[in-house]
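Working notes, beginning with the structure itself.
A short reminder: the numbers here are calculations on the coordinates, not readings from a lab. Just so you know, these numbers come straight off a predicted model, no measurement behind them. Neighbour counts run over all protein chains shown; Cβ positions are idealised from the backbone, glycine included.
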Amino acid sequence: MTTHSLPQRTSRPRALVVSATAVAAMLALTACGSRTAAGDEGTAASSGGTSCVDTSGDTVKIGFLNSLSGTMAISEQTVRDSLDLAAEEINAAGGVLGKQLEIVAEDGASEPTVFAEKAEKLISSDCVAAVFGGWTSSSRKAMLPVFESQDSLLFYPVQYEGLEASPNIFYTGATTNQQIIPGMDYLAEQGKTKVFLVGSDYVFPRTANKIINAYAEANGIEIVGEEYAPLGHTDFATIVNKLGSSGADAVFNTLNGDSNVAFFKEYKNVGLTVDAVPVVSVSIAEEEVGGIGVENIVGQLTAWNYYQTVESAANDTFVAAFKEKYGEDRPTSDPMEAAYTSLYLWKGMVEKAESFDVAAIQEAADGVTFEAPEGTVTVNGDNHHIAKTAYIGEIAEDGLIYPVWESDGPIEPDPFLEGYDWAEGLS
Amino acid sequence: MDALFSQLFAGLSLGSVLLLAALGLALTFGQMGVINMAHGEFIMAGAYTAFVLQLVIPDAGVSLLVALPVGFVVGGLLGLLLEVTLISRMYRRPLDTLLVTFGVALVLQQLARDIFGAPNVDVRAPAWLSGAVPFLGMNLPRTRLFILAIAILSVVVLSLVLKLTPLGRRIRATVQNRDLAETSGVSTRATDRLTFFVGSGIAGIAGVALTLLGSIGPTLGTNYIVDAFLVVVVGGIGQLKGAVIAAFSLGILQATFEYSTTASLAKVLVFVVIVAFLQVRPQGLVSVRTRSLA
């Protein structure tokens with residue numbers, strides 16, 4: 001009996017340990033896998049840029065490519081909703097060059113590789129004239145070679161870290177000099193000299209903070225701490241401890257997603273206040289405020305190019321139309337507005353070029369403008385970004401964000417920060 | 001010196017969170033050998049319970065206190081349902097329980113998404129938990145003290161139940177020698193169900209407590225499930241004492257590493273320490289001595 005019991009006694013816990021460790025490893029891997037940038041395998045050119053776009057009929061096809069499943073679905077669904085709204089409006093008003101838009105909708109599933117595959121499918125088998133979508137930088141980086149090799153067009157609606165320009169992508173969200181630099185300008189104007197940087201540990205916050213460090217050095221601001229938390233990190237006790245003892249008089253926050261909630265709860269719990277140490281965030285829009293809990297974040301600042309509260313006739317129309325289609329309780333946000341605007345900008349370019357041809361659109365793009373909800377936007381033909389107005393907003397009790405500062409008119413896009421002496425050597 | 005103390009507290013606090021997430025697992029995984037991947041979703045269910053109660057009861061303080069027992073029952077009932085329908089068919093087949101409960105976890109996540117929507121929701125903390133308590137020159141957030149208290153209370157109650165009550169004796173008997181317990185007149189089926197109810201109920205309590213720290217979303221549980229398994233494995237399968245020591249050690253270790261390096265690096269370093277530790281003691285900190293044949 002004892003000879004039997006001995007190996008079994010030890011083998012049961014060991015088997016459990018092994019399997020549990022395997023589970024842990026498996027989960028860790030799936031978690032990482034979704035964040036790694038896509039490889040380039042989905043990008044091999046297959047047709048070498050011969051366009052199959054069919055413009056002979058009464059309709060023209062365009063592609064919408066957003067994550068409707070996976071971790072990014074929460075955000076990208078809102079972009080899809082506003083794209084649908086824009087397409088509906090354009091069709092109701094007679095279409096583009098007299099042709100009705102026919103939408104081919106795809107799900108990027110929050111995976112860069114899927115974005116690359118679906119982009120390829122939209123271009124070469126659905127023969128769409130242009131694709132609208134993408135959110136994360138890794139999804140954009142995965143799609144970029146596809147659009148370049150197939151010579152098609154992507155309209156990308158989200159603020160990003162800059163340092164990129166492709167003739168095949170139009171960037172309708174902010175680049176760094178339209179969001180991050182105005183955010184820092186605002187802090188400097190308020191007399192803040194000791195800034196603490198906190199961000200999620202991936203490409204956007206790290207690039208943004210590199211730029212902020214260069215800015216700070218040139219403008220007499222001291223960076224008193226720079227901390228990164230893994231995406232999804234929820235225990236901010238240590239980081240907030242470091243923040244508390246750093247002597248910071250302001251925080252620049254590039255955290256993404258859930259981490260913001262944990263960060264702001266911890267910030268409030270240790271007794272930090274908006275008056276003493278305000279936080280400027282660049283990834284929190286109207287949609288996120290509710291999930292974070294207004295009471296945790298009221299009075300804090302954000303830097304964007306659009307808020308639901310922006311006062312313009314175009315915005316009144318946009319907000320009313322959106323609420324009518326999707327419900328009174330749905331707020332509008334910067335990426336949604338940028339996506340909505342991107343469809344109208346494409347329409348403007350097509351009508352200026354009088355053609356759906358990619359080369360003709362690229363040729364005609366420079367100077368195309370649109371009275372967007374955020375204000376007048378203008379396409380820059382050199383870098384394919386658009387001139388946008390920067391707003392610093394304050395989060396109010398009602399969950400909306402109200403502008404407290406705005407730039408003197410639209411800011412010319414400068415993705416490589418060539419216009420700033422201190423930015424030399426970045427990238 | 002201040003920094004040292006506040007980091008020690010940060011570590012204790014992190015440890016208490018880990019402990020709450022792992023305590024129920026120490027019972028179901030440690031004692032019963034069931035790898036329950038849906039444990040994280042029971043935590044999530046507890047968190048959503050707190051959210052729902054807050055909609056019903058406007059006073060945040062009252063709703064939180066009501067949520068603790070209700071969260072226990074909700075988590076427990078989900079656990080009981082899982083045990084009766086699926087797990088009872090696969091005791092002594094840990095890898096099968098892993099796959100089945102992983103599927104259940106995905107189903108529960110989607111269910112939560114359908115019921116409560118994809119965006120995260122927030123539970124307001126009551127006024128008496130906002131702010132911090134000054135202590136030796138530090139500011140100890142009240143929410144974290146509260147969670148620490150819940151963790152300690154849960155451990156105390158659970159170990160008293162295991163030590164002193166007839167249910168506890170039956171659980172221990174079943175764990176140590178299922179066949180002998182059965183022959184002695186213990187209904188091991190009933191015991192299994194009750195153990196699972198209690199273990200999953202503690203996950204529900206953990207969920208309620210976690211609403212004080214972060215937001216509530218369908219994937220809340222996946223953030224904690226790996227850490228919870230690590231605590232149980234490091235602590236030693238089948239031992240509450242081990243889970244307690246492991247949770248606080250890992251919490252303090254994480255906080256210490258994080259203070260001197262970065263959050264990402266600290267996680268890696270903690271993993272390295274765990275891997276090294278399991279090389280030396282694969283059975284974990286505290287191991288069961290049993291004559292069991294099972």
Tell me yes or no: at least one residue of the stretch B:92-111 is within 14 Å of another protein chain (Cβ to nearest Cβ), among the basic types (Lys, Arg), outside any helix (DSSP H, G or I) and over 22 Å from B:Arg144 (Cβ atoms). yes
Selection from the stretch B:169-191 of residues free of Cβ contacts under 8 Å to residues at least 60 places away in the same chain and of a type in the set (Asp, Glu) yields B:Glu182
Are there any pairs with C-beta distances below 8 angstrom linking a residue in the stretch B:257-272 that is more than 7 Å from chain A (Cβ to nearest Cβ) to a residue that is aromatic (Phe, Trp, Tyr), with the two at least 6 apart or on different chains, and if so which? B:Leu265/B:Phe257; B:Ala266/B:Phe257; B:Leu269/B:Phe257; B:Val270/B:Phe257
Residue list for the stretch B:61-100, restricted to those being under 18 Å from the mean Cα position of the chain (by Cα) and surrounded by fewer than 22 Cβ atoms within 10 Å (Cβ to Cβ): B:Leu68, B:Pro69, B:Val70, B:Val73, B:Leu77, B:Leu80, B:Leu98
Taking B:Gly221 as meeting all but one of (1) more than 9 Å from chain A (Cβ to nearest Cβ); (2) part of a loop (DSSP other than H, G, I, E, B), write down the number of the exception. (2)
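Just checking, does the stretch B:153-175 include any residue being within 13 Å of another protein chain (Cβ to nearest Cβ) and part of a helix (DSSP H, G or I)?
yes
Going by what's in this entry, would A:Asn177 be described as of a type in the set (S, T, N, Q) and touching a strand residue (DSSP E or B) at 6+ places or on another chain (Cβ under 6 Å)?
Working: of a type in the set (S, T, N, Q): yes; touching a strand residue (DSSP E or B) at 6+ places or on another chain (Cβ under 6 Å): no.
The answer is no for A:Asn177.
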Restricting the stretch A:260-274 to residues that are more than 17 Å from A:Thr302 (Cβ to Cβ) and among the hydrophobic types (A, V, I, L, M, F, W, C), the one farthest from the other protein chains (Cβ to nearest Cβ) turns out to be A:Leu272
Would you tally the residues in the stretch A:332-371 being in a loop (DSSP other than H, G, I, E, B), among the small types (Gly, Ala, Ser) and closer than 17 Å to A:Ser51 by Cα? 1
Enumeration of residues in the stretch A:99-124 that are in a loop (DSSP other than H, G, I, E, B) and free of Cβ contacts under 8 Å to residues at least 24 places away in the same chain: none
Given the conditions (1) part of a helix (DSSP H, G or I); (2) in contact with an Asp or Glu (Cβ under 8 Å, 6 or more places away or on another chain); (3) among the aromatic types (Phe, Trp, Tyr), report the number of the one that A:Tyr186 does not fulfil. (2)
Filter the stretch A:393-427 for residues that are closer than 23 Å to A:Glu295 by Cα and charged (D, E, K, R); the one that is surrounded by the fewest Cβ atoms within 10 Å (Cβ to Cβ) is A:Glu397
All-but-one check, B:Gly185 against (1) away from chain A (no Cβ under 12 Å); (2) on the phi < 0 side of the Ramachandran plot, failing number (2)
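What is the residue count in the stretch B:125-138 for residues that are part of a strand (DSSP E or B) and either under 22 Å from the mean Cα position of the chain (by Cα) or without any contact (Cβ under 8 Å) to a residue 12 or more places away in the chain (or both)? Give the steps one after another, and end with the answer.
Looking only at the stretch B:125-138, we keep the residues that are part of a strand (DSSP E or B), and these are B:132-135, B:138.
Filter once more, so that each one left must be either under 22 Å from the mean Cα position of the chain (by Cα) or without any contact (Cβ under 8 Å) to a residue 12 or more places away in the chain (or both): B:132, B:134-135.
Number of matching residues: 3.
Within the stretch B:12-19, identify whether any single residue is in contact (Cβ under 8 Å) with a residue 24 or more places away in the chain and touching a His at 6+ places or on another chain (Cβ under 6 Å), and answer yes or no.
No, because not a single residue in the stretch B:12-19 is in contact (Cβ under 8 Å) with a residue 24 or more places away in the chain and touching a His at 6+ places or on another chain (Cβ under 6 Å).
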Here the residues within the stretch A:125-151 that are over 11 Å from the mean Cα position of the chain (by Cα), buried (at least 19 other Cβ atoms within 10 Å of the Cβ) and part of a loop (DSSP other than H, G, I, E, B) are A:Val128, A:Ala129, A:Ala130
